[in-house]
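> Structure provided below as structure tokens; questions to follow.
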Amino acid sequence: MTTVSSLHADLDWAAVAARFKALYTPAVCDVLDGYGLRHQFMTPGLIALEADDKVAGPAFTILGRADANLDTSTRMGPRVIDSFEPQVVAVYDTSGETHTGVWGELWSAGAQRMGCVGAIVDGGIRDSALIKAIGFPIFHRFRSPADAVGRFTVIDHQTPVTVGGVRVYPGDYIFGDQDGVVVIPRDLTLEVLEKAETVKTTEDDIRTAIGEGGKLIDLYKKHGRF
């Protein structure tokens, strides 16, 4: 099983996350485009519970599906939450389920206690006000009051999943902000981060020059945007 501790064991993941959060997803998406990775952004409609939420961290993947079984003794979900590592982002593939709040406040509290820094849920959440109250960043498709028991169950974790139309592998780097969510192949995480920081610096220079009266087309040419 891929774990955060097994990925760049000497890396300060909290510091990496802080650097990503100083950026914005369009800059990261532009860098990924430069690698020919043009479909690393999740489909529109995955929105943050709070408008200014950001998430950044290695993916901890979860796979679930609709399930009418009412026997809670066999349910995997709580045990998966308790296996989270610090700095991970939960990435939840719900197999297209459209009615249930598969993630709620208690899961958020449990995840937060284990050091999980946010979640991407390709489906429904519930207990929205309580999730906001504990400050847990979460991206989701919809909200529903319906509990998962008798409607939905977790069937696997730390396995490849498809979320927002993007194939996500455990340890891939997740970065989400108000413009959307991007997925960075894990082996490219630091390289993409450094290039995205360069993009931000260039765009900051262009922005300053525009404020001083520069023409956009001239600035684009100067900085290689054309």
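The values are calculated or read from the model by the stated rules, or taken from the named source; none is laboratory data. What you see is a predicted model, and the numbers here were worked out from it, not measured in a lab. Don't worry about glycine lacking a Cβ; one is built from the backbone with ideal geometry, like all the others, and counts go over all protein chains shown. Heads up: the accessible areas ignore ligands, DNA and RNA and are worked out on the full protein's heavy atoms, side chains in. Shrake-Rupley method; radii C 1.70, N 1.55, O 1.52, S 1.80 Å.
> Shape verdict for segment 26-99, please, from the Cα gyration tensor: rounded (a/c under 1.5), prolate (a/b greater than b/c) or oblate.
prolate
> May I pose another question? At q = 0.17 Å⁻¹, what is the log10 ratio I(q)/I(0) for the chain, with the Debye formula run over Cα points and no solvent?
Debye intensities relative to I(0), on a log10 scale: -1.16.
> When all protein chains stay in place, what accessible area (Å², nearest 10, 1.4 Å probe) is found for Leu188?
40
> Can you give the FRET efficiency for Arg113 and Leu70, using 1/(1 + (r/R0)^6), R0 = 22 Å, r = Cβ-Cβ distance, to the nearest 0.05? Walk me through the numbers on the way to the answer.
Working: r = 27 Å, r/R0 = 1.24.
For R0 = 22 Å, the calculated efficiency reads 0.20.
> Per residue of segment 108-124, in order, report the coupling 6.51 cos²θ - 1.76 cosθ + 1.60 (Karplus, θ = phi - 60°) as ³J(HN,Hα) in whole Hz, putting x for Gly and Pro.
Listing the rounded values in order: 4, 5, x, 5, 4, 4, 7, x, 5, 9, x, 9, 10, 10, 7, x, x Hz.
> With each label point set 7 Å from Cα along the Cα-Cβ vector, what nm distance links Glu85 and Arg143?
With each label point 7 Å from Cα toward Cβ, the separation is 3.4 nm.
> Check which residues have an amide H placed less than 5 Å from Asp172's amide H, if you skip close sequence neighbours.
Hits under the 5 Å cutoff: Ala59, Arg186.
> Starting from the Kirkwood radius over alpha-carbon pairs of segment 162-218, derive D by Stokes-Einstein at 25 °C in a medium of 0.890 mPa s and give it in µm² s⁻¹. Don't skip to the end; give the middle numbers.
On the way: Rh = 13.6 Å.
Calculated translational D: 180 µm²/s.
> Could you check the simple spin-label distance between Thr162 and Arg38, using points 7 Å along Cα→Cβ, in nm with one decimal?
Here the answer is 2.0 nm between the modelled labels.
> Can you classify segment 88-142 as rounded, prolate or oblate using the Cα gyration tensor, where a ≥ b ≥ c are the square roots of its eigenvalues, rounded means a/c under 1.5, and otherwise it's prolate if a/b beats b/c and oblate if not? Before the final figure, lay out the partial values.
Details: a/c = 2.17, a/b = 1.40, b/c = 1.55.
Taking the square roots of the gyration eigenvalues as a ≥ b ≥ c, segment 88-142 is oblate.
> How would you classify segment 73-169 from its alpha-carbon gyration tensor, with a ≥ b ≥ c the square roots of the eigenvalues: rounded for a/c under 1.5, else prolate if a/b is greater than b/c, otherwise oblate?
rounded
> Which order do Thr25, Thr72 take when ranked by solvent-accessible area (1.4 Å probe, heavy atoms of all protein chains), largest first?
From most accessible down to least: Thr72, Thr25.
> Kindly write out, for segment 167-180 in residue order, the coupling ³J(HN,Hα) from the Karplus curve 6.51 cos²θ - 1.76 cosθ + 1.60 (θ = phi - 60°), rounded to whole Hz, with x marking Gly and Pro.
The phi angles translate into 6, 10, 9, x, x, 4, 8, 10, 9, x, 8, 5, 8, x Hz.
> So, one more: Exposed loop sites here are GluC sites (Glu not before Pro) in DSSP loop states with at most 16 other C-beta atoms within 10 Å. What is the longest stretch of the chain lacking them?
By the stated rule (loop sites, at most 16 other Cβ atoms within 10 Å), 51-211.
> Could you order Arg19, Arg113 by accessible surface area, starting with the largest, using a probe radius of 1.4 Å? Walk me through the intermediate numbers first.
Numbers: Arg19 90, Arg113 165 Å².
If we order Arg19, Arg113 from most to least accessible, we get Arg113, Arg19.
> Further, regarding this structure: Dipole magnitude of the chain about its Cα centre, charges +1 at Lys/Arg Cβ and -1 at Asp/Glu Cβ only, in debye to the nearest 20?
On the way: 22 positive and 30 negative charges, 66 e Å.
That gives the chain a dipole magnitude of about 320 debye.
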